[in-house]
Every structure is written in structure tokens, then in C-alpha cells.
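Report on the following structure.
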């Protein structure tokens, strides 16, 4: 099985410290230490009407957190697109789920001043089964629904199995959104 590689020549959008797009740099330039360029990542949770998170297992061949479970899909913001557009693109690339931008509910944003990364979190309602997902970019190997309490308990007991989590505060924002937008 071919495992994905992170192309070091991939063009990423860089930003100033306020989140305004500036220049385009290669992934290898952006990832040089010490960090010189602000970049951004997008993160999107798939949630169903029962309030469950679609958790996915990262491929063993990835450089970051190989073989670990995560609660969201996402990645680096490519040159020329917004963070929200990146969330849309990553969800389609990593899970095969295509949704219009208006289906992406904004959850939160933040930044890491040390790593010079900004990020935005979104949630998308998805009532399909894990078997409906298509892992065409080979970054994900499997997926399963977990209720938030089950996820939280498992990552507390087995932190070595998890990365890219969902805090209790963010879980509550997702629950509130599901409740407000219930059909």
C-alpha cells in the first residue's frame, strides 16, 4: 500500500500575525525552524444528529501522528484559498465528503504564536455511515462514530492512541449548534 507523503514543494498560503493573507511559500520553507512564516490550518468535525463525532485513524506512513485516532479532518491552507475553503477541500480529499461552504458551521479559531500557525475549526452535519467515506488520499485508513463521552473517556484512558482532539468546551459548542439547528 502506498502511504502519503507531504510534498515539500506544496505551495502554502502565508499570513501576517493578524490573519491577512500575504505571500505564498513552499511547505519546506514554512516548516523551517525557527518558524519565519505564519501559515494556517483548517479543521472540520463530521457530526451526526445524535451528537457523535466521526473519528478517523491516520495512516501509518504519515510523518505526523502516524496510526493515531483523531476527531477531525483537516490540513494546511493551500495557496490562494481561504481557511474555510481549505476545510471544504480537506474534507473532500480525506473523507470523500463534498459539501457547500454554507454547510460549514464556524466553531472556533485560534493561533500558536510559537509555531506561527493560525487555525479555524468547523463542523459539518453528516448522517452517513463510516462505509460512506472514501479515503482517496491515503491519509486515513478507517473511521468510526463515537459519542463525545465515549471519545473523551477513551482519549483520557489511552492518550497515546489519540491526536487532534476535541476539548470539552468545543464539544459543548458543537452540541449547542446541533440543538439550535435541529430539523
Using the 2.2 N^0.38 Å rule of thumb for compact globular proteins, work out how segment 31-114 stacks up: its C-alpha Rg over that value, please. 1.17
For the chain, modelled as a GNM with alpha-carbon contacts under 10 angstrom, which of 18, 76, 134 fluctuates the most? 18
Using the count of nearby Cβ atoms within 10 Å as a rough guide to exposure, how do 71, 20 rank from fewest to most? 20, 71
Between 86, 56, 98, which gets the highest mean-square fluctuation from a Gaussian network model of the chain, Cα cutoff 10 Å? 98
Counting only C-alpha contacts under 8 Å and six or more residues apart, can you give the relative contact order of segment 11-180 as a whole percent? 27
Quick one: order 68, 157, 115 by neighbouring beta-carbon count within 10 Å, fewest to most. 157, 115, 68
Going by the alpha-carbon gyration tensor, a ≥ b ≥ c the square roots of its eigenvalues, is segment 103-183 rounded (a/c under 1.5) or, if a/c is not under 1.5, prolate (a/b greater than b/c) versus oblate? rounded
Largest fluctuation, 23, 47, 97 only, Gaussian network model of the chain with Cα springs under 10 angstrom, belongs to 23
Grab the beta carbon distance between residue 102 and residue 147, set R0 = 35 Å, and tell me the FRET efficiency rounded to 0.05. 0.85
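A short reminder: the numbers here are calculations on the coordinates, not readings from a lab. On a predicted model such as this, the values are computed, not experimentally measured, just so you know. Glycine gets a Cβ as well: all are built from the backbone with ideal geometry, and neighbour counts include every protein chain shown.
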